[in-house]
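What follows is calculated from the coordinates using simple rules that are stated; it is not laboratory data. Since the model is a prediction, treat every value here as computed from it, not as a measurement. Ideal geometry is used to build each Cβ from the backbone, glycine not excepted, and the neighbour counts take in all protein chains shown.
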Amino acid sequence: MADVAGALRLLVAQDATVAVAESLTGGLIGASITSVSGASQAFVGGVISYATDLKRDLLGVPGELLRREGAVHPDVAAAMAAGVARVCGATYGLAVTGVAGPEPQDGRPVGTVHAAVCGPGGQISARTLSLRGSRERIRVETVDEAVDLLAGVLKANIGEHSG
């Protein structure tokens, strides 16, 4: 289980905020973050961009990228992270896109997940996952991996972007 409270403490210590862009998780990351008392100190909000058009129209994922690669691609996750940070006015954007199943999507097998964090200055950190299990297990593991990615970025940035 990811240490959501720890990630929030790191955000608060850096006087930073986070917004989330979720596709396959459908709001589970936001729900996980807001389950922690005091989350409002660092959590701005998010976008559930399940539909590909929303990724393009709201988050600014390039249409050519989506046509060429489909919605399940590391560059799409990176663009979603940058887009949600911009749209929500957050220091960090955290995004996930992938295939929870039961069928493959865009030629990608079930369990393929891309997570990305966009930090200050547009710096992107990303993780590609190959998860196994049920649809629900893939979604829950995606939340854990995404929060872990965010925490790792925040730990690496300690002192660099604090108030």
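Before moving on, here are some points about what is shown:
- Against the rule of thumb 2.2 N^0.38 Å, how large the Cα Rg of the chain comes out: 0.95
- Low-density loop positions, trypsin sites (Lys or Arg not before Pro), region 57-163 - DSSP coil, at most 14 other Cβ in 10 Å: 132
- Spin-label pair residue 31/residue 130, simplified geometry with 7 Å Cα→Cβ offset, distance in nm: 2.9
- Here the sum of -39500 (n - 2.57) over DSSP H runs of 4 or more residues, divided by the residues of the chain, equals -12500 deg cm²/dmol at 222 nm, to the nearest 500.
- Segment residue 123-residue 158, length gained on full extension (0.36 nm per residue, minus Cα span): 11.1 nm
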